[in-house]
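In what follows, a structure is listed as C-alpha cells, so that the remarks can point back to it.
Rule-based calculations on the coordinates, nothing more; no lab input. Quick caveat, the model's predicted, so the values are computed rather than measured. Glycine gets a Cβ as well: all are built from the backbone with ideal geometry, and neighbour counts include every protein chain shown.
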Amino acid sequence: MGMKTDFLIIGAGIIGLAAARELKIRHPDSKVVILEKEDMPGRHASGRNSGVLHSGIFYAEDSIKAKVCSQGGRALQDYCLTHHLSIQKVGKVILPIEENTDSILRNLYERGKKNGIPVNLIDEKELKKIEPEACTRTGEALHLPEVCIVEGVEVVNQIAGELIQKGVEIYYNQPFVSADLKKKQVKSKGDQISYGYLLNAAGVYADKVAHSFRVGRFYAILPFKGLYYSVLPSSGLKVNGLIYALPNLKFPFLGIHFTKRLNGEIAAGPTIIPAFGRESYGGLQGINLFEIPSIARHLLSLYAADHQNFRAFVWKEGLRFIKTRFYESASVLVPALKIEHLAKSSKVGIRAQLVNLQTLQLVTDFLIEKGENSTHILNAVSPAFTSAFAFSKLVLDQAGI
Ligand SMILES: Cc1cc2nc3c(=O)[nH]c(=O)nc-3n(C[C@H](O)[C@H](O)[C@H](O)COP(=O)(O)OP(=O)(O)OC[C@H]3O[C@@H](n4cnc5c(N)ncnc54)[C@H](O)[C@@H]3O)c2cc1C
C-alpha cells in the first residue's frame, strides 16, 4: 500500500472510533486511517457488553473514570437520540448484598449527590415498587432513575458509517503487525503505512501493540470471560431495569447483574472468569496456544502476591462457569430465581483487564501511556463504552493533538 496518513488508529472498537470522530472535529482536513483486524467494527468488547450507560457513581473522585463517565454517558445518550438509535431509560437499583454495608451505600449516595448524579436512597418498600423481585440485605438501596441501555453493535456501526462519510478510511481485515519507530511507519499484512501520530486502541491486544512501541513494558492485559444467562420468560420473573449488587470498590469489576435488554429479554451476568485466551469466547474459538503460558504466569504471580484479595476473588468468581455457582450469585439479587429459570446465552464478552507487573495489582482506572508520536490506551475497561466520547477528548488533550 505504501500510504501516508496524519493520524493512524489501531482498533475499530468504541474507543478507536470515538477518537477518530474527535480527531475529525478538531482537525477536519486531516487524513485519519483506522486499522482493524476484523471484518467489521465492534467484534470484541464493544459489541459484546451489557450496553449499560453507567452513571459514574462507583468511581473514586480523583479517577479518570469519574471525570469522564457521566459526561461520556450524557454525550452517548444524546448521540443515540440524535441518530434515532435504540435507547431506553430503564433505571438501575444498587443492592447491598452483605450486612453492615449501610455506610458504604450511604457514602456512594453522598458521592453521587455531590457529583450531580440523579440518585435516590430508597427503603425496601420503595425498592419493591421499582423492582419487585430485588432483595436488599440492609433494608436500603440506591435507585438511579436516569440510567439507560443501548445496543453496542448498533452504536459502533453508526459511528463507523458517519466516519466514512467524513472521509475517515477504515481498513478491515488489516491487523497491525509491527512498527518502525524511526520511520514512523507500521506494517499491516505486508503493507506499510506512514503516520504523523498513532493512537493505539486495540482493546485486549493494546499491551502487545504498545510493547511494539516500547511503551507499557510493565503492564500486561489479562482476559476475563463474561458469560451471560437468559432468564426464561416462563419464570414469570419481572425485571424492570437493571439490578446490581453494591460492588467491592477496591476491585475494577462490577459483579453479575440483571439487565432488561432492549428486546425485553432479561439477562443475568456477566461472570468474571480468568480466561486462557484473549478472544476465547467458547470451545476452541479464539484459543491461542502461544498466549496460554504468559496468561498462566501472570495469573500465578497475582495469586501468589494476593493483593486486592486476588486469591479469594479467583475462588469466588473463577468457578462461576459452573451453573450452580452462577446461580448462587444471581439469586442473591433476585431470591425468587430458580436454577431452571436460567438458560445459557450465546452472548460472551472478554474484559481486557490490565495488570501492573511491578505491583502485581489489577489496574482499576483507565490508563493512557504516551510514546514517541503515539498514545496507547491500555486499560479501557468498563465503563469505557459509556465514557468513550468524553474519554477520547481527554486522550487527545493529553496527547496534545
Ligand atoms: C462482558 C462485558 C460487559 C461490559 N459491560 C459494559 C457496560 O454495560 N457499560 C460500559 O460502559 N462498558 C461495559 N463493558 C466495557 C466496554 O465494553 C469496554 O470497555 C469497551 O468496549 C472497550 O472498547 P475498546 O474500543 O477499547 O475495545 P474493543 O471493543 O475490544 O475494540 C478493540 C478493537 O481493536 C481491534 N484490534 C485488536 N488488535 C488489533 C490489531 N493488532 N490490529 C488491528 N486491530 C486490532 C479489535 O479487533 C477490536 O475491534 C463491558 C465489557 C465486557 C467484556
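Here the stretch 311-401 is assigned +1 on the Cβ of each Lys and Arg and -1 on the Cβ of each Asp and Glu. Its dipole about the Cα centre then comes out at about 520 debye.
Placing a label point 7 Å from the Cα of His211 along the Cα-to-Cβ direction, no residue of the stretch 173-188 has its backbone N under 13 Å from that point.
In terms of surrounding Cβ atoms within a 10 Å radius of their Cβ, Lys113, Lys182, Lys24 rank from fewest to most as Lys182, Lys113, Lys24.
Taking amide hydrogens as placed 1.01 Å from N in the peptide plane, the amide H of Ala202 sits under 5 Å from those of Ile377, each at least 5 positions away in sequence or on another chain. For the chain, adding -39500 (n - 2.57) for each run of n ≥ 4 DSSP H residues and dividing by the number of residues yields -9500 deg cm²/dmol at 222 nm.
Between the stretch 22-95 and the stretch 192-232, how many Å separate their Cα centres? That distance is 17 Å.
Here the stretch 3-399 is treated with +1 on each Lys and Arg Cβ and -1 on each Asp and Glu Cβ, and its dipole about the Cα centre works out to around 500 debye. Shown for Leu108, Leu367, Leu95, Leu249: other C-beta atoms within 10 Å of each C-beta, ranked fewest to most, produce the order Leu249, Leu367, Leu108, Leu95. Selection among Thr324, Val355, Ala380 by position relative to the dipole of the chain gives Val355 as farthest towards the positive end (Cβ unit charges, Cα centre). Computed from label points 7 Å out along Cα-Cβ, the spacing between Leu289 and Glu162 is 4.5 nm. A protection proxy built from the mean count of other Cβ atoms within 10 Å ranks the segments 285-293, 52-60, most packed first, as 52-60, 285-293.
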